[in-house]
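Colleague: This is the structure, below, for whatever I ask next.
The values are calculated or read from the model by the stated rules, or taken from the named source; none is laboratory data. Bear in mind the structure is a predicted one, so any value in this text is a computation, not a measurement. Glycine also receives a Cβ, built like all others from the backbone with ideal geometry; neighbour counts cover every protein chain displayed. Remember, those area values only see protein heavy atoms, side chains included, never the ligands or the DNA or RNA. Shrake-Rupley method; radii C 1.70, N 1.55, O 1.52, S 1.80 Å.
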Amino acid sequence: MKNRVTEQLGIAYPIIQGGMQWVGLAELASAVSNAGGLGILTGLTQPTPEALREEIARCRAMTDKPFGVNLTILPTVKPPPYADYVRAIVESGIRIVETAGNSPKDFIRVFKDNGITIIHKCTTVRHALSAERNGVDMVSIDGLECAGHPGEDDVGGLVLIPVAARVLKIPVIASGGIADGRGMAAALAMGAEGINMGTRFCATQEAPIHDNVKQALVRGTERDTSLIFRTLKNTARVYRNQIAHQVREMEYRDGGCVFDEIRPLVIGTRGRAALQSGEVDNGVISAGQSIGLIDDVPTCDELIRRMVAECREQLRIASGWAAGGPDVHG
């Protein structure tokens with residue numbers, strides 16, 4: 001499948017594994033890359049820049065295919081040493097970076113000077129246009145269906161993706177709500193040149209999370225996610241478990257709540273522990289509405305091969321209709 005995304009990234013299929021906190025480790029990233037997609041290591045999952053260097057080396061020992069590193073830039077009281085993480089990425093010879101969160105403009109020049117392709121993930125067309133002006137090479141745009149932070153505009157992918165493809169000159173990668181070949185074909189038909197999946201790759205054999213979590217995703221339906229932090233203007237879509245229920249109760253009680261009140265429930269280390277222990281109700285677990293499309297736990301290779309075959313079949317059928325196929329009323 002050749003287009004600007006596959007050619008610029010050096011991959012066989014325009015399928016990108018999202019950078020997911022606690023999940024984007026070498027086991028998963030290398031498996032996605034070996035299957036023809038683009039695996040992504042999550043930079044800030046590693047506690048230090050030196051640990052990131054070691055994880056990059058570990059991934060490189062597991063695949064000779066391209067893979068990238070995610071660097072999510074978030075406003076915090078005590079920000080991590082972003083410049084040191086950037087240095088670790090550059091000095092490790094990484095050639096693809098996925099940025100997310102705040103604008104990556106402070107680091108774009110460093111990345112570009114070192115021949116690194118930048119994919120910036122955002123949730124609005126206005127931010128995508130800004131990223132394009134700042135010099136990123138591709139934009140991954142998240143619809144409301146996505147796991148994690150979908151922004152505050154509440155625009156679904158069915159509208160967001162074609163709007164972005166209409167106005168951007170750089171390639172658009174569709175993100176949110178995609179878990180199979182039908183979704184991939186739809187994204188390509190709407191003008192995207194690739195797809196980004198997070199939740200679907202969590203339910204694979206190589207994902208470094210407990211099988212209890214994977215099976216919860218398999219059992220889940222499209223209604224089994226919750227939006228939390230809405231009242232705090234920092235919306236996140238997560239798996240509908242006891243923690244999500246408690247957070248929403250606190251948010252929507254009389255008088256609402258402040259973040260410090262819910263911090264013990266949503267702290268990242270607690271979510272990480274839930275992913276590792278399989279205690280599904282004991283931490284925040286990011287999940288998109290695409291869990292309604294997940295019904296098994298294949299290897300990454302099986303998943304990508306199946307998706308590509310289904311995508312090609314759906315595009316073949318659509319092409320037949322466009323060419324004057326069977327009567328739509330027949």
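Colleague: Go through segment 66-81 and report how many residues are farther than 19 Å from Gly148 by Cα and modelled with pLDDT of 95 or more.
Modeller: First, the residues of segment 66-81 that are farther than 19 Å from Gly148 by Cα: 66-68, 77-81.
Still in the running and modelled with pLDDT of 95 or more: 66-68, 81.
Final tally of qualifying residues: 4.
Colleague: Say whether the condition of being in contact (Cβ under 8 Å) with a residue 24 or more places away in the chain and closer than 26 Å to Tyr239 by Cα is met by at least one residue in segment 74-92.
Modeller: Taking every residue of segment 74-92 in turn, at least one turns out to be in contact (Cβ under 8 Å) with a residue 24 or more places away in the chain and closer than 26 Å to Tyr239 by Cα.
Colleague: Being open to solvent by 40 Å² or more (accessible area, probe 1.4 Å), part of a loop (DSSP other than H, G, I, E, B) and out of contact with any Asp or Glu (no Cβ under 9 Å at 6 or more places or on another chain), is that true of even one residue in segment 168-183? Can you show your working first?
Modeller: Residues of segment 168-183 open to solvent by 40 Å² or more (accessible area, probe 1.4 Å): 169, 182.
Narrowing the set further to residues that are part of a loop (DSSP other than H, G, I, E, B) leaves 169.
From the residues that got through so far, the ones that are out of contact with any Asp or Glu (no Cβ under 9 Å at 6 or more places or on another chain) too are none.
Within segment 168-183, not a single residue is open to solvent by 40 Å² or more (accessible area, probe 1.4 Å), part of a loop (DSSP other than H, G, I, E, B) and out of contact with any Asp or Glu (no Cβ under 9 Å at 6 or more places or on another chain).
Colleague: Check every one of the helices (runs of 4 or more DSSP H) wholly within segment 1-65 and list those with 1 or more residues that are of a type in the set (Gly, Ala, Ser) and modelled with pLDDT of 95 or more.
Modeller: Working: elements: 4-9, 26-34, 49-60.
Helices (runs of 4 or more DSSP H) meeting the threshold: 26-34, 49-60.
Colleague: Filter segment 1-34 for residues that are small (Gly, Ala, Ser) and open to solvent by less than 10 Å² (accessible area, probe 1.4 Å); which is farthest from Ile285 (Cα to Cα)?
Modeller: Ser33
Colleague: Are there any pairs, at least 6 apart or on different chains, whose C-beta atoms fall under 9 Å, with the first in segment 102-122 and of a type in the set (Lys, Arg) and the second surrounded by 23 or more Cβ atoms within 10 Å (Cβ to Cβ) and in a helix (DSSP H, G or I), and if so, which?
Modeller: Qualifying pairs under 9 Å: Lys105/Ala131.
Colleague: Hey, among the residues in segment 184-220 that are in contact with a Cys (Cβ under 8 Å, 6 or more places away or on another chain) and assigned to a loop (DSSP other than H, G, I, E, B), which one's farthest from Ile16 (Cα to Cα)?
Modeller: Here the residue is Ile209.
Colleague: Quick one: is Pro264 under 22 Å from Gly36 (Cα atoms) and not basic (Lys, Arg)?
Modeller: Values: under 22 Å from Gly36 (Cα atoms): no; not basic (Lys, Arg): yes.
Taking the combined requirement at face value, the residue does not satisfy it.
Colleague: Restricting attention to segment 53-72, does a residue exist that is open to solvent by 10 Å² or more (accessible area, probe 1.4 Å) and closer than 14 Å to Val136 by Cα?
Modeller: Within segment 53-72 (the criterion being open to solvent by 10 Å² or more (accessible area, probe 1.4 Å) and closer than 14 Å to Val136 by Cα), the answer is no, since none of the residues qualifies.
Colleague: Still on this structure: Is it the case that segment 228-242 has a residue that's over 23 Å from Gly143 (Cα atoms) and in contact with a helix residue (DSSP H, G or I) (Cβ under 9 Å, 6 or more places away or on another chain)?
Modeller: Scanning segment 228-242, I find at least one residue that is over 23 Å from Gly143 (Cα atoms) and in contact with a helix residue (DSSP H, G or I) (Cβ under 9 Å, 6 or more places away or on another chain), so the answer is yes.
Colleague: In addition: Exactly one of (1) over 26 Å from Leu168 (Cβ atoms); (2) hydroxyl-bearing (Ser, Thr, Tyr); (3) at pLDDT 95 or above is unmet by Thr117. Its number?
Modeller: Tallying (1) over 26 Å from Leu168 (Cβ atoms); (2) hydroxyl-bearing (Ser, Thr, Tyr); (3) at pLDDT 95 or above, Thr117 fails exactly one: (1).
Colleague: What do you reckon, is Ala165 buried (at least 18 other Cβ atoms within 10 Å of the Cβ), assigned to a helix (DSSP H, G or I) and either without any contact (Cβ under 8 Å) to a residue 24 or more places away in the chain or out of contact with any strand residue (DSSP E or B) (no Cβ under 6 Å at 6 or more places or on another chain) (or both)? Steps first, answer last, please.
Modeller: On the way: buried (at least 18 other Cβ atoms within 10 Å of the Cβ): yes; assigned to a helix (DSSP H, G or I): yes; either without any contact (Cβ under 8 Å) to a residue 24 or more places away in the chain or out of contact with any strand residue (DSSP E or B) (no Cβ under 6 Å at 6 or more places or on another chain) (or both): no.
It is false that Ala165 is buried (at least 18 other Cβ atoms within 10 Å of the Cβ), assigned to a helix (DSSP H, G or I) and either without any contact (Cβ under 8 Å) to a residue 24 or more places away in the chain or out of contact with any strand residue (DSSP E or B) (no Cβ under 6 Å at 6 or more places or on another chain) (or both).
Colleague: In segment 317-326, is there at least one residue being in a helix (DSSP H, G or I), more than 27 Å from Ser30 (Cβ to Cβ), open to solvent by less than 60 Å² (accessible area, probe 1.4 Å) and touching a residue at least 40 places away in the same chain (Cβ under 8 Å)? Quick ask: steps written out before the conclusion?
Modeller: Keep residues of segment 317-326 that are in a helix (DSSP H, G or I), which gives 317-322.
Still in the running and more than 27 Å from Ser30 (Cβ to Cβ): 317-322.
Subset that is open to solvent by less than 60 Å² (accessible area, probe 1.4 Å): 318, 320.
Those left that are additionally touching a residue at least 40 places away in the same chain (Cβ under 8 Å): 318.
There is at least one residue in segment 317-326 that is in a helix (DSSP H, G or I), more than 27 Å from Ser30 (Cβ to Cβ), open to solvent by less than 60 Å² (accessible area, probe 1.4 Å) and touching a residue at least 40 places away in the same chain (Cβ under 8 Å).
Colleague: Out of all the residues in segment 70-93, which are of a type outside the set (D, E, K, R) and over 21 Å from Cys122 (Cβ atoms)?
Modeller: First, pick out the residues of segment 70-93 that are of a type outside the set (D, E, K, R): 70-77, 79-83, 85-86, 88-90, 92-93.
If the condition is that a residue be of a type outside the set (D, E, K, R) and over 21 Å from Cys122 (Cβ atoms), then Val77, Pro81, Ala83, Ala88, Val90, Ser92, Gly93 are the ones that fit.
Colleague: Can I ask one more? Scan segment 305-313 and give yes if some residue there is surrounded by fewer than 18 Cβ atoms within 10 Å (Cβ to Cβ), aliphatic (A, V, I, L, M) and within 18 Å of Met20 (Cβ to Cβ), otherwise no. Please lay out each step first, then the result.
Modeller: Step one: filter segment 305-313 for residues surrounded by fewer than 18 Cβ atoms within 10 Å (Cβ to Cβ), giving 305-306, 309-310, 312-313.
Checking which are aliphatic (A, V, I, L, M) leaves us with 309.
Retained after the next criterion (residues that are within 18 Å of Met20 (Cβ to Cβ)): none.
Scanning segment 305-313 turns up no residue that is surrounded by fewer than 18 Cβ atoms within 10 Å (Cβ to Cβ), aliphatic (A, V, I, L, M) and within 18 Å of Met20 (Cβ to Cβ).
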